[in-house]
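Contents: one structure, followed by commentary.
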Amino acid sequence: MLAALGDPTRLGVMELLSVQDLSPDALAAALEIPGNLLAHHLKVLEAAGLVRRTHSQHDRRRTYVQVVDGAMDALLPVPGPISAPRVVFVCTHNSARSVLAEALWREASNVPGASAGTNPADAINPRARRAARRLGLTVTDRAPQHMDDVVRPGDLLVSVCDAVNEELEPMPNPRVHWSIADPAVVGTDAAFDATVAQLQERVAHLAPRVATAVPPRSRRRPS
């Protein structure tokens with residue numbers, strides 16, 4: 001693993017993937033390198049067991065690169081903090097993944113959290129509520145909300161749905177993406193429990209990096 005990380009570009013890949021999943025195109029653009037060179041570096045990182053690829057649940061032609069669970073433990077220094085007044089978790093319906101992530105966030109961080117959807121459902125999925133109860137988590141009693149009614153300037157947006165990441169228009173807010181499959185597609189308690197476990201690990205990794213910031217609209221000009 002250390003040998004695989006002995007290259008500035010591969011270190012850059014791991015830094016970019018430290019709290020999010022990115023497509024190869026997004027990685028190549030962020031690193032300003034050609035796609036064939038990125039493919040070589042990803043091959044090295046995959047062979048070392050540091051990263052893996054997953055197919056988008058929304059667009060099966062698209063893949064995301066993500067860090068293998070626990071692969072980076074104690075290998076690199078902790079990345080710098082992210083400053084945000086709130087963290088808002090977004091999925092399509094705001095009925096399962098985003099509300100579960102919001103509940104987990106409240107347990108893990110003092111930074112305020114919220115959740116929303118791009119096409120909110122009528123109600124939160126009952127299996128999501130049951131999965132939360134099994135872990136002693138409290139899911140909000142409100143109905144799913146549209147992100148236009150929730151997101152504020154400066155909020156860190158965490159998309160937990162491939163469709164949201166691929167279809168959401170550019171926004172000034174900082175964004176992070178987690179490629180999490182929709183447990184409602186499978187529709188079993190086991191699928192929801194597995195999703196909670198994935199979200200729990202992601203939240204635990206992100207929470208120490210996010211520090212509270214003053215919302216942009218609340219800042220005062222010096223007198």
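The values are calculated or read from the model by the stated rules, or taken from the named source; none is laboratory data. As the structure is a computational prediction, the values presented were derived from the model and not from experiment. Because the Cβ atoms are built from the backbone with ideal geometry, glycine has one as well, and the counts that use them run over all protein chains shown.
Numerical summary
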read-out	value
Any hit, the range 21-42, residues being touching a residue at least 40 places away in the same chain (Cβ under 8 Å), of a type in the set (Gly, Ala, Ser) and more than 15 Å from Trp178 (Cβ to Cβ)	no
Hits in the range 95-115 - residues which are under 17 Å from Arg175 (Cβ atoms) and more than 14 Å from the chain's Cα centre (by Cα)	Val111
Sole residue being in the same structural domain as Pro183 (by TED's automatic domain parsing) and over 28 Å from Met14 (Cβ atoms), chosen from Arg86, Arg106	Arg106
Candidate set from the range 169-190 (those that are assigned to a loop (DSSP other than H, G, I, E, B) and closer than 21 Å to Arg202 by Cα); member that is nearest to the chain's Cα centre (by Cα)	Trp178
Residue match in the range 156-165 (condition: modelled with pLDDT under 95, surrounded by fewer than 16 Cβ atoms within 10 Å (Cβ to Cβ) and not assigned by TED's automatic domain parsing to the domain that holds Arg53)	no
Selection count, the range 43-69, where residues are over 21 Å from Ala181 (Cα atoms) and either among the β-branched types (Val, Ile, Thr) or touching a His at 6+ places or on another chain (Cβ under 7 Å) (or both)	1
Enumerated strands (runs of 3 or more DSSP E) restricted to the range 1-98, each holding at least 2 residues that are surrounded by 20 or more Cβ atoms within 10 Å (Cβ to Cβ)	63-67, 87-91
